[in-house]
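Reviewing the structure listed below.
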Amino acid sequence: MEVDVLIVGAGPAGSSTARYCAGKDLDVLMLDRRSEIGYPVQCGEFLPDVKEMYTMFPRSMDLEELFAIPEELIAGRSEAVDLVSPRNRTYRCEFLGATLDRRAFDKYLAKLAVEAGARLETGASFLGLKGGIARTTLGDVKAKVIVGADGPNSRTAVSAGLSRPEMRYPAVTCQADGDFEPVIKMYFGSMAPGGYAWVIPKRKGANIGVGFNPRLLKERPSELFSRFVSKLGVGCRDVTMGLVPQSGPVKRTVSGNVILVGDAAGHVMATNGGGIPIAMIAGRIAGRSIRDSLTKGAPLAEYERLWKHVLAKPLADSLWTRKLGDLFFPTDRRTEFAMTVLGKRGLARAIRCRRVFYVL
Ligand SMILES: Cc1cc2nc3c(=O)[nH]c(=O)nc-3n(C[C@H](O)[C@H](O)[C@H](O)COP(=O)(O)OP(=O)(O)OC[C@H]3O[C@@H](n4cnc5c(N)ncnc54)[C@H](O)[C@@H]3O)c2cc1C
């Protein structure tokens, strides 16, 4: 089969890329190994408000257009984030956001891509590259551009000789029923070594999870997770586990006719593991760059220059803050101390991808 663009993965990155490069003049094929797009949900489902996104990514533009999300895909809204220290000291930071129904959200993004003209094949896997031809479970595909939007374990990256995100932290998540205050809770300390545990409220229930640095974990992830769930005293269903890139963007996101987007490119905020906004912002840039390359002869490498212009600094600052946090995370005492020193203001900067101190 021959196509103009082959997109591997129909998550937020792949669907956004497809949406902005598809059209009558280009044959865009998107494939995903999942038989149901968006399921299982391996995500906290939190999406910052567009106003917060402009603060986090000041060079981004037209976010209202990209994030015009129908109300029925919003499972809840929150007004603030409580950062809770190992001794239960709470630092409340105002922060507007929504909890998505991610199972439906990913389908919605894929639908936008199909409406723009892309073709979607589910239950179809990319297997590797051989002589520039993509081997897939649908057969061999010859494409002018191949997009790796296949998440943190990107097979596309490896087969194109590009790097995958070096550090990937495991995170366990589940759905809980009950009534929860419309405030995000982030718990730090030994209940989530090197990461944090969260409660992200929905109108009915919450998304609950724990993300951690595997090198600091002294027990099984399931034990760590059960301890947190028992502490909250809630029941849990739909438990899943996923990986969160934690080492910042990979060095190169374009090689020949292959580009990487979203988690595959390490497009995740290292301080909080948030990747949905960046996957979509980078996806839109990727889609437009591919279109310009195929219809106007612009270099494909423009994609890398453009995403770096918008996202590189916030992602670098976020990584810097995470690395600073690593110095304190190993013990509860040091975590407590660090949170006291940073205070509400420093912590609020950290969750917005900024350096925690103005001077550093
Ligand atoms: C537990 C957890 C909680 C998180 N919480 C949040 C949060 O609250 N807010 C937030 O912003 N971010 C969160 N993230 C991060 C966020 O989920 C990701 O950054 C985001 O999904 C990235 O989108 P993506 O399209 O790059 O990758 P993905 O959403 O992972 O999509 C990749 C797609 O590629 C497909 N695929 C993989 N390999 C192949 C193959 N070989 N062939 C075909 N298809 C393939 C997969 O099936 C998948 O559908 C969380 C992550 C985890 C693991």
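The values are calculated or read from the model by the stated rules, or taken from the named source; none is laboratory data. All values derive from a computational prediction rather than experimental measurement. Here Cβ is always computed from backbone atoms with ideal geometry, including for glycine, and neighbour counts include all displayed protein chains. When the accessible area is computed, the model is the full protein with side chains, heavy atoms only, and any ligands, DNA or RNA have been set aside. Shrake-Rupley method; radii C 1.70, N 1.55, O 1.52, S 1.80 Å.
(1) over 18 Å from Ser289 (Cβ atoms); (2) of a type in the set (D, E, K, R); (3) surrounded by fewer than 19 Cβ atoms within 10 Å (Cβ to Cβ): which one isn't true of Asp263, the others all being true?
For Asp263, the exception is condition (3).
Please state which one of Met30, Met53 is within 17 Å of Gly275 (Cα to Cα), modelled with pLDDT of 95 or more and open to solvent by less than 20 Å² (accessible area, probe 1.4 Å). Write out each step before concluding.
Values: Met30 fails: within 17 Å of Gly275 (Cα to Cα).
The conditions single out Met53.
Taking the conditions exactly as written (within 19 Å of Ser154 (Cβ to Cβ), in contact with a helix residue (DSSP H, G or I) (Cβ under 9 Å, 6 or more places away or on another chain) and within 14 Å of the ligand (Cβ to nearest atom)), does Gly209 satisfy them or not?
Details: within 19 Å of Ser154 (Cβ to Cβ): no; in contact with a helix residue (DSSP H, G or I) (Cβ under 9 Å, 6 or more places away or on another chain): yes; within 14 Å of the ligand (Cβ to nearest atom): yes.
Judged against the criteria, Gly209 is not a match.
Tell me which residues, restricted to region 213-238, are in a loop (DSSP other than H, G, I, E, B), more than 16 Å from the ligand (Cβ to nearest atom) and either free of Cβ contacts under 8 Å to residues at least 40 places away in the same chain or at positive phi (or both).
Lys218, Glu219, Arg220, Gly233
For the structure I just gave you, tell me whether Val199 is in contact with a Lys or Arg (Cβ under 6 Å, 6 or more places away or on another chain) and either open to solvent by less than 20 Å² (accessible area, probe 1.4 Å) or more than 16 Å from the ligand (Cβ to nearest atom) (or both). Quick ask: steps written out before the conclusion?
Working: in contact with a Lys or Arg (Cβ under 6 Å, 6 or more places away or on another chain): yes; either open to solvent by less than 20 Å² (accessible area, probe 1.4 Å) or more than 16 Å from the ligand (Cβ to nearest atom) (or both): yes.
It is true that Val199 is in contact with a Lys or Arg (Cβ under 6 Å, 6 or more places away or on another chain) and either open to solvent by less than 20 Å² (accessible area, probe 1.4 Å) or more than 16 Å from the ligand (Cβ to nearest atom) (or both).
What residue, of Met280, Met241, is surrounded by fewer than 24 Cβ atoms within 10 Å (Cβ to Cβ) and within 12 Å of the ligand (Cβ to nearest atom)?
Numbers: Met280 fails: surrounded by fewer than 24 Cβ atoms within 10 Å (Cβ to Cβ).
None of the other options fit; the residue is Met241.
Of the residues that make up region 179-195, is at least one among the small types (Gly, Ala, Ser), farther than 28 Å from Gly97 by Cβ and either without any contact (Cβ under 8 Å) to a residue 12 or more places away in the chain or within 11 Å of the ligand (Cβ to nearest atom) (or both)? Full working, then the answer.
Kept after step one, since they are among the small types (Gly, Ala, Ser), are these residues of region 179-195: 189-190, 192, 194-195.
Okay, now just the ones that are also farther than 28 Å from Gly97 by Cβ, so none.
No: zero hits.
Sort out for me the strands (runs of 3 or more DSSP E) sitting completely within region 94-139 that have 1 or more residues that are under 14 Å from Pro70 (Cα atoms) and touching a Pro at 6+ places or on another chain (Cβ under 9 Å). Break it down into steps so the answer makes sense when it comes.
Numbers: elements: 119-122, 126-130, 133-136.
Of the strands (runs of 3 or more DSSP E) lying wholly inside region 94-139, none has at least 1 residues that are under 14 Å from Pro70 (Cα atoms) and touching a Pro at 6+ places or on another chain (Cβ under 9 Å).
Under the condition of being within 14 Å of the ligand (Cβ to nearest atom) and touching a strand residue (DSSP E or B) at 6+ places or on another chain (Cβ under 6 Å), which residue from region 10-33 is nearest to Ala286 (Cα to Cα)?
Thr17
Count, please, the residues in region 262-277 that happen to be more than 6 Å from the ligand (Cβ to nearest atom) and out of contact with any strand residue (DSSP E or B) (no Cβ under 7 Å at 6 or more places or on another chain).
Result for region 262-277: 6.
Which of the residues belonging to region 239-254 are touching a Leu at 6+ places or on another chain (Cβ under 9 Å) and not in a loop (DSSP other than H, G, I, E, B)? Spell out how you get there, then give the answer.
So in region 239-254, the residues touching a Leu at 6+ places or on another chain (Cβ under 9 Å) come out as 246-254.
The answer is Val254, and nothing else.
I'm told Val258 meets every condition in (1) more than 13 Å from the ligand (Cβ to nearest atom); (2) open to solvent by less than 30 Å² (accessible area, probe 1.4 Å); (3) touching a helix residue (DSSP H, G or I) at 6+ places or on another chain (Cβ under 6 Å) except one. Can you identify the failing condition by its number?
(3)
Among residues belonging to region 134-153 that are buried (at least 17 other Cβ atoms within 10 Å of the Cβ) and of a type in the set (Val, Ile, Thr), point out the one that is farthest from the ligand (Cβ to nearest atom). Let's see the steps before the verdict.
Step one: of region 134-153, the residues buried (at least 17 other Cβ atoms within 10 Å of the Cβ) are 134, 136, 141, 143, 145-152.
Now narrow it down to the ones that are of a type in the set (Val, Ile, Thr): 136, 141, 145-147.
On the way: Thr136: 7, Val141: 12, Val145: 16, Ile146: 12, Val147: 10 Å.
Among those residues, the one meeting the criterion is Val145.
Results for (1) open to solvent by less than 40 Å² (accessible area, probe 1.4 Å); (2) at pLDDT 95 or above, shown as yes or no for each residue.
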position: Asp4; (1), (2): yes, yes
position: Ile7; (1), (2): yes, yes
position: Gly11; (1), (2): yes, yes
position: Tyr20; (1), (2): yes, yes
position: Leu63; (1), (2): yes, yes
position: Glu71; (1), (2): no, yes
position: Phe95; (1), (2): yes, no
position: Thr99; (1), (2): yes, yes
position: Arg103; (1), (2): no, yes
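Mind checking which pairs have a first residue in region 1-13 that is assigned to a helix (DSSP H, G or I) and a second that is away from the ligand (no atom under 15 Å from the Cβ) and open to solvent by less than 10 Å² (accessible area, probe 1.4 Å), Cβ under 8 Å, 6 or more apart or different chains?
none
Condition first: of a type in the set (A, V, I, L, M, F, W, C), within 22 Å of Glu64 (Cα to Cα) and open to solvent by less than 50 Å² (accessible area, probe 1.4 Å). Can you find one or more residues in region 331-345 that meet it? If you could, list the steps in order and put the result at the bottom.
Here is the first cut: in region 331-345, the ones of a type in the set (A, V, I, L, M, F, W, C) are 337-339, 341-342.
With the extra rule that they be within 22 Å of Glu64 (Cα to Cα), the set shrinks to none.
No, region 331-345 contains no residue that is of a type in the set (A, V, I, L, M, F, W, C), within 22 Å of Glu64 (Cα to Cα) and open to solvent by less than 50 Å² (accessible area, probe 1.4 Å).
Which members of region 154-196 meet the condition of being part of a loop (DSSP other than H, G, I, E, B), aliphatic (A, V, I, L, M) and open to solvent by 10 Å² or more (accessible area, probe 1.4 Å)? Quick ask: steps written out before the conclusion?
Taking region 154-196 first, the residues part of a loop (DSSP other than H, G, I, E, B) are 154, 160-167, 177-182, 188-195.
Then keep just the ones that are aliphatic (A, V, I, L, M); that gives 160, 162, 167, 191-192.
Selection gives Ala160, Leu162, Met167, Met191.
So the check is Cβ under 7 Å with 6+ separation or different chains; which pairs have a first residue in region 309-329 that's farther than 19 Å from Val341 by Cβ and a second one that's open to solvent by 50 Å² or more (accessible area, probe 1.4 Å)?
His309/Arg59; Val310/Arg59
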